[in-house]
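Data first, discussion second: the structure below is written as C-alpha cells.
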Amino acid sequence: MKPGRIVLLSMATAITLSSQNLAANTLIQNKGSDTLVNVAQAWAETYPSVNPEVAVAVSGGGSGTGIAAMINGTVDIANASRQMKKKELKKAKESGQDPVEHVVGFDALAVFIHKDNPAKELSFNQLGKIFGRGGDFTKWSDLGLSVPGCGSDKIVVVSRQNNSGTYAYFKKAVLKSAAKAGIIVKGSFRQGTLDMHGSKDVVDLVEKTPCAIGYSGLAYATDHLKLVCISKNDGDSCISPSVTTASDRSYPIARPLFMYTNGKPVGAIKGYLDWIHSVAGQCILKNKGYAPVHDVTCP
Amino acid sequence: MIRSSRQSAGNLPDINQRNAAWYIDKLVQYLVFLSGISAIVLIVGIFIFVTIEGLGFLFEDFSFREFFLSPWWEPTDDDEPTYGILALMAGTASVTGLAMLVAIPFSLGSAIYIAEFATGRKREYLKILIELLAAIPSVVWGFIGLTIMNPLIIDIFDVPVGLNILNAGIILGLMAAPIMTSISEDALKAVPDRYREAAEALGGTRWQVIYKTILPAAKNGLLGGVLLGVGRGFGETMAVLMATGHAINIPGSVFDSVRALTATIAAELGETAVGSPHYQALFTIGIFLFSITFIINLTADLIVRGIRKS
C-alpha cells in the first residue's frame with residue numbers, strides 16, 4: 001500500500017540518483033505511471049553511459065501523478081499508461097503548458113488469479129460481470145468453478161485507485177465494452193473492490209488470496225500467479241498475454257504507453273527520447289516485459 | 001504607586017527608561033502573546049484555507065443529495081463523475097463504532113484500576129506506560145494491521161481477506177484507548193473522597209462503591225473521554241488506510257472491507273491536478289471532516305469543563 005510504495009520509490013530514486021555520473025550537468029525530471037516506472041528506471045540507469053552529460057531522475061506514483069505534475073509544470077517528461085484526457089489538456093493549456101505525446105511502447109494488461117484457481121479463460125463479458133457495476137458474478141460458483149482454498153466462494157475483486165492509468169484503461173477497454181453489449185448497466189467498477197495503490201500491491205494480494213482476481217501490466221506478473229487467457233467475444237479463441245501478442249496487437253487488452261513533454265522536445269530531452277526509440281532503448285523495454293513500438297532484434 | 005516609590009528611591013533604575021532590558025521585556029511580551037493566540041490563528045487559518053480550496057466545488061459541481069446520499073465515489077469518470085461519500089461515511093462510522101466497542105471496556109477498566117486500586121509505584125509505572133502507548137506512531141499501528149492482524153483474521157475466521165472493519169476497528173480501538181484512559185482516570189480522581197467514605201460507611205463492597213457511587217459521579221468526565229476517543233477515531237488516517245482494505249463499500253458485516261473519508265483524501269490528493277473538481281471535492285470532504293471533529297471535540301471539552309466547575 002501507500003507507505004510501502006513511498007519507501008520503494010524513494011529507494012528507487014536514490015539508486016538512480018546515486019548511479020548518475022557526477023559530471024552530468026543536465027537533469028531531466030521524469031515522473032508518472034507505475035506501469036512504466038520499472039522500464040523508465042532502467043532507461044535512466046543506462047542513459048548516462050550513452051550521454052554522460054545528462055542525468056534522469058525517475059519517480060512513480062501513477063499516470064495521474066505524472067499528468068498532474070505536467071499540468072503544474074513540475075516535470076520535464078511525464079509517463080502515462082493512458083492518453084491525457086481533453087479536460088487535462090485544457091487545464092495544461094490554461095497553465096501555460098503544451099503537452100506533446102510520444103508512444104514509447106505497448107503493454108499487455110494481464111488478468112491475474114491465484115495459482116490454485118482452476119479458471120483458464122475469460123471473455124470480456126465475463127470480466128464485465130466480475131468487475132463491473134451491476135455484474136452478477138459475485139461467487140466463483142457463478143462461473144461454474146470451485147476454487148481450492150477459497151472457502152467462502154466469494155470473488156475478491158482487486159482493482160486500482162481511481163487515478164491510475166491501468167484502472168482507466170481497464171475501465172475503458174473492458175467495462176465500457178461490456179456495458180455496450182448490455183451485460184452490465186454502466187461501464188464502471190462495482191462497489192467493494194479493493195483499490196490497491198500500485199501494480200505490485202495487486203500482485204502481492206492476488207498471490208496470497210485464493211479467492212482473488214486482479215489486473216495489472218504484464219511486466220508485473222510473477223510465477224506465483226496464473227495469467228488468464230482472454231477473448232474479446234464469447235466463443236472466440238482466447239489469447240494469452242505476452243510480449244508477442246501485445247506487439248502484434250492480437251491480445252485484446254494491450255495499450256500504448258506514453259511519455260509527454262512540454263512542447264516539441266529539444267536539446268537533452270530530445271536526445272533522450274530519440275535514444276528511447278532507438279534499438280538500444282526499445283530492447284531495454286522489451287527485456288522488462290513490454291512490447292516495443294517497432295520490430296527489434298535484441299541480443 | 002510602586003513606580004513612584006521606586007523613582008523616589010533615586011538609586012534604582014527607572015523602568016520606564018528605554019534601555020535594552022525594556023526592549024527585551026516588550027519583545028518577550030509580544031512573543032508570548034503571539035504563542036498564546038497561535039492556536040486560534042492557526043485553526044482559523046486552516047479552516048479558511050480548506051474552505052477556499054473546496055469552495056469551487058461547493059458552488060459548481062456540488063449537489064447535497066449526491067454528496068451525502070450517493071454511495072458512488074467516481075471522481076475520475078470521463079462521462080459523468082459522481083461525488084458520493086455515503087459509502088465513505090459508512091466506512092468511517094463502522095470502523096470508529098467498532099473501535100469504541102473495543103476501547104471503552106479497555107480504557108474504562110484500566111482507568112478504574114489505576115484510579116481506585118493501584119497504589120504507589122505500580123500506579124506511576126502504569127500511567128507512564130499508557131502515555132507511551134499513545135506515542136506509538138499510527139503508521140506502526142497500520143503496519144501491525146497489515147502484517148500481523150491480516151493473516152490472523154484470515155486464519156481464525158476463514159474469510160478471504162483480513163483487511164476489513166474488524167482489523168481496523170481493533171487497531172483504532174487500541175490507538176484511542178490511551179487518551180480515553182487518561183481522561184477517564186482524571187474524571188475518577190476528581191470524585192471527592194468523601195463520596196467513597198460515605199459509600200463505604202454504608203457497608204458497600206469495593207465494587208458497589210465504584211459501580212453505584214463513583215461511576216455515576218464521574219459520568220460526565222467519562223463521556224467526555226469517550227467523545228475525545230471518537231474524535232481521534234474519526235480523524236485517524238494512516239492506520240485506517242492500511243488496515244481497512246480501501247474498498248468503497250457499504251458494509252454488511254465486520255468482515256467487509258471499507259474505505260474511510262480520511263484515507264480517501266490521503267490516497268487521492270497527491271495525484272490530482274490542483275484546482276480540478278476532484279481536488280476541490282477532496283477538500284470538501286476535508287471541510288466535512290473538520291466540522292465533525294470540531295463539533296465532537298468541542299462537545300467533549302464542554303462536558304469535561306462542566307464537571308470541573310461543579
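Key figures for this structure:
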{"item": "Computed label-point distance, nm, for sites A:K264 and B:V44 using a 7 Å Cα→Cβ extension", "result": "5.5"}
{"item": "FRET E, pair B:K219, A:N72, Förster distance 56 Å, beta-carbon r, rounded to 0.05", "result": "0.60"}
{"item": "DSSP H segments from chain B that extend 18 Å or more along their own axis, Cα-based, with Kyte-Doolittle mean of -0.5 or above", "result": "B:20-59, B:86-112, B:120-134, B:165-189, B:219-235, B:277-309"}
{"item": "Cβ charges +1 (Lys, Arg) and -1 (Asp, Glu), total dipole of segment A:192-299, debye", "result": "320"}
{"item": "For A:Q161, distant residues with modelled amide H under 5 Å away", "result": "A:M196, A:G198"}
{"item": "FRET efficiency for B:A118 and B:L302, using Cβ-Cβ distance with R0 set to 22 Å, rounded to 0.05", "result": "0.15"}
{"item": "For residues of B:222-232, the mean tally of beta carbons on other chains within 10 Å", "result": "0"}
{"item": "J(HN,Hα) series, segment A:64-79, from Karplus relation 6.51 cos²θ - 1.76 cosθ + 1.60, nearest Hz, glycine and proline x", "result": "x, 4, x, 5, 4, 5, 5, 4, 7, x, 9, 10, 8, 10, 9, 8"}
{"item": "For A:202-211, mean number of other protein chain Cβ atoms within 10 Å", "result": "2"}
{"item": "Spin-label pair A:H102/B:V32, simplified geometry with 7 Å Cα→Cβ offset, distance in nm", "result": "6.3"}
{"item": "Hypothetical label at A:L27: residues of segment A:44-68 whose amide nitrogen lies under 14 Å (7 Å Cα-Cβ projection)", "result": "A:54-59"}
{"item": "Cβ charges +1 (Lys, Arg) and -1 (Asp, Glu), total dipole of the protein assembly as shown, debye", "result": "1120"}
{"item": "Residues with amide H under 5 Å from that of B:S70, placed H, sequence gap 5 or more", "result": "B:I85, B:L86"}
{"item": "For segment B:242-310 versus segment B:168-215, the gap between their alpha-carbon centres in whole angstrom", "result": "30"}
{"item": "Other-chain or far-sequence residues with amide H under 5 Å of A:L257's (modelled H)", "result": "A:V104, A:G105, A:F106, A:D107"}
{"item": "Cβ crowding within 10 Å averaged over residues, with B:128-138, A:59-69, A:189-199, A:273-283 ranked highest first", "result": "A:59-69, A:189-199, A:273-283, B:128-138"}
{"item": "Length-normalised contact order of chain A in % [C-alpha pairs under 8 Å, at least 6 apart]", "result": "24"}
{"item": "Signed unit charges on C-beta, dipole axis of segment A:58-125, positive-most listed residue A:L89, A:N79, A:F106", "result": "A:L89"}
{"item": "Segment B:130-210 - percent relative contact order, Cα under 8 Å, separation 6 or more", "result": "29"}
{"item": "Near-label residues of segment A:153-195 by backbone N, under 19 Å of a point 7 Å along Cα→Cβ of A:N233", "result": "A:173-184"}
{"item": "Within straight-line cross-link reach of B:K189, lysines at Cα separation under 17 Å, skipping those fewer than 8 residues along the same chain", "result": "B:K122, B:K127, B:K212, B:K219, B:K309"}
{"item": "Pair B:I295, A:S49: separation of 7 Å Cα→Cβ label points (nm)", "result": "6.3"}
{"item": "Shielding of A:150-156 by partner chains, average beta-carbon count, 10 Å", "result": "3"}
{"item": "Distance between segment B:33-67 and segment A:159-234 - C-alpha centres, whole angstrom", "result": "37"}
{"item": "Neighbour-limited loop hits for GluC sites (Glu not before Pro), segment B:15-88 (at most 14 other Cβ within 10 Å; DSSP other than H, G, I, E, B)", "result": "B:E60"}
{"item": "Rounded to 10°, Cα long-axis angle of helix A:34-50 versus longest principal axis of chain A", "result": "30"}
{"item": "Sequence-separation-based contact order of segment A:108-254, relative, with Cα cut under 8 Å and 6+ spacing, percent", "result": "38"}
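Computed from the coordinates by the stated procedures, all read-outs in this text should not be read as laboratory data. If you're wondering where the values come from, they're calculated on a predicted model, not measured in any experiment. Using ideal geometry, Cβ is built from the backbone for each residue, glycine included, and neighbour counts are taken over all protein chains shown.
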